[in-house]
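J.: To start, I am sharing the structure in question, which I have written as structure tokens.
Where a number appears in this text, it was derived from the coordinates with a stated rule and is not lab data. As the structure is a prediction and not an experimental result, all values here were calculated from the model. No Cβ is skipped: glycine too gets one built from the backbone with ideal geometry, and neighbour counts run over all protein chains shown.
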Amino acid sequence: MYIPTLFKQDNSEEVKAFLRENSFGILVSTVGAKPWATHIPLELDRNAAGEDVLLGHISRGNKQWRDFSINEEVLAIFSGPHAYVSSSWYDHENVPTWNYIAVHVYGTLRVIEGEELLNSLKKLVNKYEAASTHRVTVEGMSKKLLESQLQGIVGFEIKITSIEAAYKLSQNRDDHNKERIIEELINRGDAASAAIAARMKSYKS
């Protein structure tokens, strides 16, 4: 990913927090020598060796998994809030742009089965059911349902080899123009613009 120096985020703890908060990503690999992408939750975790990994699964009907073994490296893409920035907000002539947060994670993938897959599913369900009034758990599912569902998916672990993070939050603007951008984003009234404004307020490179 092309990242100008000003927008590069090297704080690993900040990036990991972002991945946990924005875990619905895009898994990119090759299928028959062509790019293939699947939109799925990819959960940041640690393996038994203490290495950072992403855990996920796809439908067995998705042919992407059939070429997992021949992909030397896969890419997981995660997007955060983004918003259009009008150049009319500046105190000088310039061009419009877009502020955003995006993270690319590269790694090597291996298929997981049995207890490993079941544990990854438990973590996934527990995370997203935490706020539910009537929580669903993997343990509470009938054996028949669970077995049929497990047969229909392919689980995997991605051992992370590198991470690239772009936080484009008007770092190339002076304080006065940053404040104007934040104000205009808030006034726009939509959730994405408000989220970018909040990130700009709290961001430290």
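J.: For the pair Trp98 and Arg180, how long in nm is the line joining their label points, each one 7 Å along Cα→Cβ?
T.: In this crude spin-label approximation the distance works out to 2.3 nm.
J.: Rounded to the nearest 0.05, what FRET efficiency do Asn22 and Asn172 give with R0 = 22 Å and r taken as the Cβ-Cβ distance? Could you check?
T.: 0.40
J.: Further, regarding this structure: Return the aspartates and glutamates within reach of Lys143: Cα separation strictly under 18 angstrom, same-chain partners fewer than 8 residues apart disregarded; answer none if there are no such residues.
T.: In chain and number order, the partners are Glu113, Glu115, Glu116.
J.: Next question. Which residue, chosen from Ser162, Tyr2, Thr38, occupies the Cα position most advanced towards the positive end of the dipole of the chain, where the dipole is computed from +1 (Lys, Arg) and -1 (Asp, Glu) charges on Cβ about the Cα centre?
T.: Of the listed residues, the answer is Thr38.
J.: Loop sites only, by DSSP: take the GluC sites (Glu not before Pro) in the chain that have at most 15 other C-beta atoms within 10 Å and name the longest stretch containing none of them.
T.: Longest run free of exposed loop sites: 140-205.
J.: Taking neighbour Cβ counts within 10 Å as the exposure measure, how do His57, His82, His39 sort from fewest upward?
T.: Least to most surrounded, the residues fall as His39, His82, His57.
J.: Then there's this: With a point put 7 Å past each Cα toward its Cβ, work out how far Ser142 is from Glu51 in nm, to one decimal.
T.: Placing both labels 7 Å along Cα→Cβ, they lie 4.1 nm apart.
J.: On to the next question. Just how far, in whole angstrom, is the stretch 104-180 from the stretch 13-32 if you go by their alpha carbon centroids?
T.: Distance between centres, Cα-based: 8 Å.
J.: Let me ask something else about it. Return Met200, Met141 ranked ascending by Cβ neighbour count within 10 Å, so the fewest neighbours appear first.
T.: So the ranking, lowest neighbour count to highest, is Met141, Met200.
J.: Give the label of the value calculated from the structure for Cα Rg over 2.2 N^0.38 Å, choosing from (1) 1.16; (2) 1.01; (3) 1.20.
T.: Computed from the coordinates, Cα Rg over 2.2 N^0.38 Å corresponds to (3).
J.: How large is ³J(HN,Hα), in whole Hz, for each residue of the stretch 26-42 in order, when computed from phi with the Karplus curve 6.51 cos²θ - 1.76 cosθ + 1.60 and θ = phi - 60°, using x for Gly and Pro?
T.: 10, 8, 10, 8, 10, 10, x, 6, 10, x, 9, 10, 10, 8, 8, x, 10
J.: Using the structure shown, select from Lys122/Lys159; Lys16/Lys127; Lys16/Lys159; Lys63/Lys123 the pairs with a Cα to Cα distance greater than 22 angstrom.
T.: Checking Cα-Cα distances, Lys63/Lys123 exceed 22 Å.
J.: For the Cα atoms of the chain, what angle does the longest principal axis make with the long axis of helix 191-202, in degrees from 0 to 90, nearest 10?
T.: 70
J.: If you take the beta carbon distance between Tyr128 and Glu73 as r and set R0 to 41 Å, what does 1/(1 + (r/R0)^6) give as a FRET efficiency, to the nearest 0.05?
T.: 0.90
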